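Read through the structure below, which is laid out as structure tokens, and then see the notes.
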Amino acid sequence: MSEATRRGTLRNGYWIKHPSASPNSPYTYTSEQVRAYLVEIGLIGPTQSAEDVKAKVKPTYHNLEKIVRGHLRRFPFENTEIHYSPTHELDVTPQGAFQRLVGEKKGGSYCFGMNGVMYGILRGLGYRVYSGTARVNHNSPLPPTGRIGSDGGQTHQRPVYTPLSHMVLFVQPFVDYTRDGEATSEGQGNNQTYMIDVGFGSPGLARPILLADDGEDDDQGVMGVGRTERHRLKRGTAGGENIISSLSTSRDGLTSTGSVLNQAEPDMGDWVLQVWHAKASDLAESGVPAQHQNRGWKTLYTFTEAEYFLQDYLNSSLAICHTKVGIFWEHVFVCKHAAEDDSDDSELIRTILFSTELRRTVRGKSELIRKVESEKERLEVLQDVFGIVYDVEEALGCVKGRVVELGREVST
């Protein structure tokens, strides 16, 4: 399939299996678990049954948007178990993550737990879905503000990527739909494919994004938490040092030259997710940032369309939890969203705790709310602001001596 005809689909026009074709997947939840999750995110009422779910929550794009939005509003992206639990690990198994988020209501998770729960829920609702993995750009926007600077030249700064350490999802709605979200058939739908990611924190996706590169259109990509944030997908690779487009050997036979493959090849399924931030004053009347095509787009991560599996994520999570370097080892990082109002398209408010700073971003403006000065104070913020619950004495014992501990004595 040519690039001109594959907009919005997987390479070669591939389809994703219906979940009924893989009933033994570890990402399988019971109808009652699916119902409990939907109640938790506010998509159905607490008195509605599992049968009501089948009737009300069809696997459409319209409902996919609602589920992603509900998940971001209800569950915090966070890494606190690395520092405040006895094991210093996050349980990112499908059942373990579900229990923390929905069963015990004690907190959230990071990508493997957040997207893992989403994977199982979407399967339970009849969406065709599979999971992939990504390399995160070290030079991407970081907390606490989650924004890039004003220098548009950052767009072209060469990314520095992590190992494969981030989980993403590919989704094909099972029912065709109209622009109003009404189902047009009960057949197999089509193979239009969306990438979703509820596990990146700030400044991650806030809605599904079609698997397409829209070039330099003014309205390319999708809106983020509000009009001052936008995400897009571009065809491209992580870049490399050893793969070249052609070979020419020098006379001595010791060196070869050629063009390094930094751009995507049509059949490789290589993508980058990018983010752009604007000031409210930069917005045109239409709400689309003026002249944003080539100014300030920043790569968050790169991924391919290859499928990855639970064991890949368990191994990656174990490495992240115990590698003594990186954002999750060196910081307490929590991010949660709230809506400005009850409408489906209201802008989201993003609240972040990054180490000691509690910040809130509303309509593109980041405000410092509080600086915490002790571990007890930080544990209070985790519970009161984010709903993350720990036994205080146990948590204080677990964090003692770790690099994130507030007030710890550093030996010289």
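Coordinate-derived values only; no laboratory data. Not measured: the values here are computed from a predicted model. Because the Cβ atoms are built from the backbone with ideal geometry, glycine has one as well, and the counts that use them run over all protein chains shown.
Among M167, M195, which comes first, then next, by fewest other beta-carbon atoms within 10 Å?
M195, M167
When the chain is fully extended, how far beyond the present Cα-Cα distance does A338 get from Q311, taking 0.36 nm per residue of separation?
Gain on extension, A338 to Q311, equals 6.5 nm.
Can you compute 3J(HN,Hα) from phi for each residue in the range 105-113, using the Karplus curve 6.51 cos²θ - 1.76 cosθ + 1.60 with θ = phi - 60°, rounded to whole Hz and x for Gly and Pro?
Couplings: 6, 9, x, x, 6, 9, 3, 5, x Hz.
Report the net charge of residues surrounding L348, where surrounding means a beta-carbon distance below 14 angstrom and charges are Lys +1, Arg +1, Asp -1, Glu -1.
Every neighbour counted, the sum reads +4.
What does the extension gain come out to for K17 and E357, with contour length at 0.36 nm per residue minus their alpha carbon separation?
Roughly 118.0 nm would be gained on extension.
Within a 10 angstrom radius of the beta carbon, how do L310, L318 rank from fewest other beta carbons to most?
L318, L310
Can you pick out the pairs among K66/K400; K105/K400; K56/K336; K106/K298; K106/K234; K234/K336 whose Cα atoms lie more than 29 Å from each other?
As for pairs spanning more than 29 Å Cα to Cα, those are K66/K400; K106/K298; K106/K234.
Quick one: D91, D214, fewest Cβ neighbours within 10 Å first, how do they rank?
D214, D91
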